Amino acid sequence: MSSKLVSHALVTPNLLPVSIGETLLLLSVANDSDALRFLQGDGKKWANDIEVRRIYTDLLRNTGKPAALRDFCQGQIDQGVDDWRIVKGWIDGHVALFRSDRSQGY
């Protein structure tokens, strides 16, 4: 039931979260694919919040998107974000890409 409600909220502009508390609540009940789609779309504006940033990196890691994980973390590092989980995500993204395709000479 919550999955249907979250999916509906994510496609209805006037139901999108307007505060960080609402965003965290939505992310806590959303399945991984819905949460990831939200954070890559309308939810990008919440990426500066440490908890949302950590949820996003976990989602990228858990859904097997190492290139997106590496790129997001690189962008955060370039902005001066001082969070060990961002650095770990950057490393994890590089390592996963290396393991997935050794033939590219990465």
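The values are calculated or read from the model by the stated rules, or taken from the named source; none is laboratory data. All values reported here derive from a predicted model rather than from experimental measurement. Here the Cβ positions follow ideal geometry from the backbone for every residue, glycine too, while neighbour counts run over all protein chains shown.
Things worth noting here:
- Residue, nearest to Arg53 (Cα to Cα), within region 4-27, restricted to residues that are under 18 Å from the mean Cα position of the chain (by Cα) and of a type in the set (S, T, N, Q): Thr23
- For region 19-63, taking the residues that are among the β-branched types (Val, Ile, Thr) and farther than 19 Å from Asp82 by Cβ, the one that is surrounded by the most Cβ atoms within 10 Å (Cβ to Cβ) is identified as Thr23.
- Applying a threshold of 7 Å to beta carbon distances and a minimum spacing of six or more residues, or different chains, the list of pairs starting in region 66-93 at a residue that is more than 17 Å from Trp46 (Cβ to Cβ) and ending at one that is of a type in the set (Ser, Thr, Tyr) and at pLDDT below 95 reads Pro66/Ser100.
Each row is one residue, and each column tells you yes or no for (1) part of a helix (DSSP H, G or I); (2) within 25 Å of Leu10 (Cβ to Cβ); (3) modelled with pLDDT of 95 or more.
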| site | (1), (2), (3) |
| --- | --- |
| Lys45 | yes, yes, no |
| Asp71 | yes, yes, yes |
| Val81 | no, no, no |
| Ala96 | yes, no, no |
| Arg99 | yes, no, no |
| Tyr106 | no, no, no |
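- Just one residue in the set Val29, Val52, Val18, Val11 is aliphatic (A, V, I, L, M), modelled with pLDDT under 90 and touching a helix residue (DSSP H, G or I) at 6+ places or on another chain (Cβ under 7 Å); that residue is Val29.
- Within region 76-89, considering residues that are surrounded by 13 or more Cβ atoms within 10 Å (Cβ to Cβ) and more than 13 Å from the chain's Cα centre (by Cα), the one nearest to Arg61 (Cα to Cα): Lys88
- Leu36 touching a Leu at 6+ places or on another chain (Cβ under 6 Å) and either in contact (Cβ under 8 Å) with a residue 24 or more places away in the chain or within 25 Å of Phe98 (Cα to Cα) (or both): yes
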